[in-house]
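The next block holds one structure in the form of structure tokens; read it before the comments.
Laboratory data are not the source of any read-out in this text; all were calculated from the coordinates shown. Bear in mind the structure is a predicted one, so any value in this text is a computation, not a measurement. Cβ sites come from the backbone with ideal geometry, for glycine too, and all protein chains shown count toward neighbours.
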Amino acid sequence: MPLSHANLAKPKAAGAMFPATSMPDRAWWAALWPRPHEMLRSIGIEAGMTVLDLCCGDGYFTAPLAQLVAGKVIALDIDCDMLGEAKHEVAKAGATVQRWICADAMALASHVTEPVDFVLMANTFHGVPDQAGLARAVRAVLRPAGSFALINWYPADRDTTLVLGEPRGPKIELRLSPQALVTLIEPVGFQVAKLVELPPYHYGAVFTALP
């Protein structure tokens, strides 16, 4: 099944998207992440890096990423319409992106042929059918000692994770605890580097690619 950050709200493309994921309205995206630049710095984004925004969706993080690393961003999503929205957001921010890719995340090694320093995947990994397989695909495009950062919902019942007064996020059975994520990702060529608290409902897990 092809993989994307984009969502089940588009029935005509539902078979091409991650199960149980959605691209939220920007109002509640901004309610969760009012200062995206600070969040990105907290997980290790630094000037000079080349960053892959994997399953970038509508570009909520792509634009601040591009600003932080002076355009050294590759943005990938399977939904070409969503990429169009991301391009608009980046242009509106006065930033640039090195390359836009409309493709299946599992095939990213076919499209990203030069190693990158950092791969970011936000609020999407819980819906990946083959999570270890995607982590291996990410490892293949990272330079040695590069970073893979996953932004995930903490395990909690959906009724308790309210954004703008409404339950948000995946069902609890899809949510991965930090330890469960570490157990899944480390065997495919990574070592956990740090866990970052991203209140109110998220954490960031940053992994280092092993030689």
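Looking at the chain only, what percent of DSSP beta bridges run antiparallel? Nearest 5 please. Close to 50 percent.
Here the 3J(HN,Hα) profile of the stretch 195-209, calculated from phi with Karplus coefficients 6.51, -1.76 and 1.60 at θ = phi - 60°, is 10, 10, 6, 10, x, x, 10, 10, 9, x, 10, 10, 10, 9, 6 Hz, Gly and Pro shown as x.
For the chain, modelled as a GNM with alpha-carbon contacts under 10 angstrom, which of 186, 114, 85 fluctuates the most? Maximum fluctuation in the GNM of the chain, among the listed residues, is at 114.
Considered as an equivalent ellipsoid built on the Cα gyration tensor, the chain has semi-axes of 22, 20, 18 Å, the largest given first. Could you tell me which of rounded, prolate or oblate describes the stretch 73-166, using a ≥ b ≥ c as the square roots of the eigenvalues of the alpha-carbon gyration tensor, with rounded for a/c under 1.5 and, failing that, prolate when a/b is larger than b/c and oblate otherwise? It comes out oblate by the Cα gyration axes. Give, in nm to one decimal, the length gained when the segment between residue 186 and residue 158 is fully stretched (0.36 nm per residue of separation minus the Cα-Cα distance). Fully extending the segment from residue 186 to residue 158 adds 7.3 nm. Amide H to amide H distances under 5 Å link residue 98 with 73, where only residues 5 or more positions off or on other chains count and H is placed in the peptide plane. Among 200, 36, 115, whose mean-square fluctuation peaks in a Gaussian network model of the chain (Cα, cutoff 10 Å)? Fluctuation is largest for 200.
Using bins of 5 Å that start at zero, the share of Cα-Cα pairs per bin across the stretch 102-211 amounts to 2, 12, 22, 23, 17, 12, 7, 3, 1, 0, in whole %. Taking the number of Cβ atoms within 10 Å of each Cβ as an exposure proxy, the fewest-first ranking of 175, 26 is 26, 175. Between the alpha-carbon centers of the stretch 69-90 and the stretch 142-211, tell me the distance in whole angstrom. So the separation of the two Cα centres works out to 22 Å.
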